[in-house]
């Protein structure tokens, strides 16, 4: 059986709700675009004010600290901020999953970091819940190797809709 820590837990578009993004960015998204990637996915949450849009990636596997990154405390197992006033991303590791959150719009680097951290906390909570459900399912079928392999494919694992949608 494959280790539970390497399972892909959710797509990036399953991690944040309209209500959560609206609470942080002042607007709910009007459109989402999911881009599958090797080992994960990226979601672009488009807001009515395009420059305030939010980008989220979720991947599994190797965790590499971004160059020139500052350590951030209080979210995930470890987190780093890489960026400046114009653009930046918060990278958060939770188990074997890595979440990257980038918010657009006006504001200082400190404000963008705070917004990214707030959104990352919502995403990490959903990832942790998905892992608990995945582990419980694996315990119910410990000898089912096929099911463990199927669970590795992003299309094979879906979460219920996020609260507030």
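The values are calculated or read from the model by the stated rules, or taken from the named source; none is laboratory data. Everything quoted here is computed from the prediction, not taken from an experiment. When we count neighbours, we look across all protein chains shown, and the Cβ atoms used for this are built from the backbone with ideal geometry, even at glycine.
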Can you find a residue that is modelled with pLDDT under 90 and under 18 Å from residue 45 (Cα atoms) anywhere in segment 110-119? no
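Can you confirm whether residue 24 is in contact with a strand residue (DSSP E or B) (Cβ under 6 Å, 6 or more places away or on another chain) and either crowded, with 18+ Cβ neighbours inside 10 Å or closer than 12 Å to residue 123 by Cβ (or both)? Spell out the reasoning first.
Values: in contact with a strand residue (DSSP E or B) (Cβ under 6 Å, 6 or more places away or on another chain): no; either crowded, with 18+ Cβ neighbours inside 10 Å or closer than 12 Å to residue 123 by Cβ (or both): yes.
Judged against the criteria, residue 24 is not a match.
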Name the residues in segment 27-54 that are buried (at least 16 other Cβ atoms within 10 Å of the Cβ) and assigned to a helix (DSSP H, G or I), would you? 52
Determine, yes or no, whether residue 94 is over 15 Å from the mean Cα position of the chain (by Cα) and surrounded by 13 or more Cβ atoms within 10 Å (Cβ to Cβ). no
Just a yes or no: is a residue in segment 22-43 modelled with pLDDT of 90 or more and on the phi > 0 side of the Ramachandran plot? yes
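Can you tell me which residues in segment 63-76 are in contact (Cβ under 8 Å) with a residue 40 or more places away in the chain and surrounded by 10 or more Cβ atoms within 10 Å (Cβ to Cβ)? I'd like the intermediate steps shown before the answer.
Taking segment 63-76 first, the residues in contact (Cβ under 8 Å) with a residue 40 or more places away in the chain are 72, 74-76.
Scanning segment 63-76 gives 72, 75, 76.
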Inspect segment 125-141 for any residue being modelled with pLDDT of 85 or more, closer than 23 Å to residue 22 by Cβ, part of a helix (DSSP H, G or I) and under 12 Å from the mean Cα position of the chain (by Cα) and give the result as yes or no. yes
